[in-house]
Amino acid sequence: MKAAIFRQHGPIENLEYTDMPAPALGPHDVLIRVRAVALNHLDLFVRQGIPGINLNFPHIGGSDIAGEVEALGAAVEGWREGQRVVVNPSLWCGVCEFCVAGEESLCVKYQIIGEHTTGGMAEYIVVPSANLFRIPDDYPFEPAAAAPLVYMTAWRALITQGRLRAGQTVLILGAGGGVASAAIQIARLAGAKVYAASRDGAKRERARELGADEVLDSTADFAKELRAMTNRRGVDVVLENVGEVTWARALRSVAKGGYVVVYGATSGPHVQMDLRPLFWNQYHILGATMSNRQEFNTVMHLVFWERKLQPVVDRVLPLAEIQAAHRALEDGEQFGKIVLTP
Ligand SMILES: NC(=O)c1ccc[n+]([C@@H]2O[C@H](COP(=O)([O-])OP(=O)(O)OC[C@H]3O[C@@H](n4cnc5c(N)ncnc54)[C@H](OP(=O)(O)O)[C@@H]3O)[C@@H](O)[C@H]2O)c1
Ligand SMILES: [Zn+2]
């Protein structure tokens, strides 16, 4: 099968579009014919190398997969060949205390398809049947592939960890990002007032079209502007993922008793903070990673069966153009998701 691979960590030039053996099917697995696969910032980090994660080379990345069921393992029930699906990118053990509690993204053996294991940047992938989510027959594969990872992450970050409710206010940083553009829609659906910050004027306009009530320049003192816009109060929830370059301003943006939810650190992970505003203003700082199965099913249902959330596709490229896709994401050109078709 054709696949996008890299044989060692490093720059974009390490990516190759080449032939690889088709994956083997286990009894509880399903072979998926990949029709579209979306890129995440994670794919860039995995190519560059993540401390503590040792890959089997050559590695196939790709966590966001939409396709058709091609073949079923001997023990798989409830699925038929030809059904259209997206894949839950989480891998969990099912027996640790966190899995038993229904918190799969806290699993002690938690992994992500395409990060720790072989991903979907290929014509075929094998995944556990428990990871399949059925999508409607008329739902195109390209926007479908743009949905799983970003909506599950944004849902858990905003709704579960951030406890966002109707009537509240939220600041979403890096508005052009895949997760951030999903978060803008979820926050609107939840009935919140959305402030979105981006480095780029055109992206700020896109954020407004997507549902942001107010937009801010993330290269300026957006905390000061936000305080001016909110009668010095700040917002109930701040969605932080840019990291080092925005952290200090993110903390100055949260209201007393509010939530700063961190799901990424794109610009760098090492930050400093003054503890005094934390205890005086009694705000919360929480992490969020991916989601549990229930959150995944809830938000996928809203995307695919209720159609209340529309995946934002920046562009669709053939998988052979994997280098151009990584470059566009690395340069931050995109608004929403870059999707590849094998
Ligand atoms: N914990 C989890 O489960 C989880 C899940 C998904 C993603 N993540 C992490 O969350 C982050 C975002 O992921 P993604 O896939 O949505 O990424 P993405 O599509 O590449 O978006 C990242 C956005 O952050 C902003 N940004 C990046 N570098 C910046 C800088 N130096 N200064 C200011 N703004 C900057 C840009 O927004 P503007 O151009 O609009 O300013 C960019 O579009 C990544 O670090 C990723 O690893 C974590
Ligand atoms: Zn577990």
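The values are calculated or read from the model by the stated rules, or taken from the named source; none is laboratory data. As the structure is a prediction and not an experimental result, all values here were calculated from the model. Note that we place each Cβ from the backbone using ideal geometry, even for glycine, and neighbour counts take in every protein chain shown. What goes into the accessible areas is simple: the full protein's heavy atoms, side chains included, and nothing from ligands, DNA or RNA. Shrake-Rupley method; radii C 1.70, N 1.55, O 1.52, S 1.80 Å.
If only one of Leu189, Leu226 is open to solvent by less than 20 Å² (accessible area, probe 1.4 Å) and more than 16 Å from ligand 2 (Cβ to nearest atom), which one is it?
Details: Leu189 fails: open to solvent by less than 20 Å² (accessible area, probe 1.4 Å).
Every option except Leu226 fails the conditions.
Do any residues in segment 280-297 that are open to solvent by less than 70 Å² (accessible area, probe 1.4 Å) have Cβ atoms under 6 Å from those of residues that are assigned to a loop (DSSP other than H, G, I, E, B), where the two are at least six apart or on different chains, and which pairs are they?
Ala288/Tyr263; Asn292/Gly102; Asn292/Glu103; Phe296/Asn88
Out of all the residues in segment 304-315, is one or more out of contact with any Leu (no Cβ under 7 Å at 6 or more places or on another chain), of a type in the set (Phe, Trp, Tyr), surrounded by fewer than 20 Cβ atoms within 10 Å (Cβ to Cβ) and under 26 Å from Val235 (Cα atoms)?
no
Every residue in segment 231-246 that is open to solvent by 20 Å² or more (accessible area, probe 1.4 Å) and more than 11 Å from ligand 1 (Cβ to nearest atom), please.
Asn231, Arg232, Arg233, Asp236
Output the qualifying pairs, or none if there are none: Cβ atoms under 8 angstrom, residues six or more apart or on different chains, first residue in segment 99-113 and farther than 19 Å from Ile53 by Cα and outside the structural domain of Ser63 (by TED's automatic domain parsing), second residue open to solvent by 20 Å² or more (accessible area, probe 1.4 Å) and within 13 Å of ligand 1 (Cβ to nearest atom).
none
Here is a yes/no grid of residues against (1) open to solvent by less than 30 Å² (accessible area, probe 1.4 Å); (2) over 18 Å from Arg293 (Cβ atoms); (3) in a helix (DSSP H, G or I); (4) modelled with pLDDT of 95 or more:
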{"site": "Cys93", "(1), (2), (3), (4)": "no, no, no, yes"}
{"site": "Ile112", "(1), (2), (3), (4)": "yes, no, no, yes"}
{"site": "Gly120", "(1), (2), (3), (4)": "yes, yes, no, yes"}
{"site": "Ala130", "(1), (2), (3), (4)": "no, no, yes, yes"}
{"site": "Asp138", "(1), (2), (3), (4)": "no, yes, no, yes"}
{"site": "Tyr151", "(1), (2), (3), (4)": "yes, no, yes, yes"}
{"site": "Arg165", "(1), (2), (3), (4)": "no, yes, no, yes"}
{"site": "Val170", "(1), (2), (3), (4)": "yes, yes, no, yes"}
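Going through segment 107-124 one residue at a time, which ones are among the acidic types (Asp, Glu) and over 18 Å from the mean Cα position of the chain (by Cα)? Spell out how you get there, then give the answer.
Taking segment 107-124 as the starting set, the residues that turn out to be among the acidic types (Asp, Glu) are 115, 123.
Matches in segment 107-124: Glu123 only.
Quick check on segment 254-271. Is at least one of its residues assigned to a helix (DSSP H, G or I) and farther than 21 Å from Gly177 by Cα? Spell out the reasoning first.
Pass one, segment 254-271, residues assigned to a helix (DSSP H, G or I): none.
So far as segment 254-271 goes, no, none of its residues is assigned to a helix (DSSP H, G or I) and farther than 21 Å from Gly177 by Cα.
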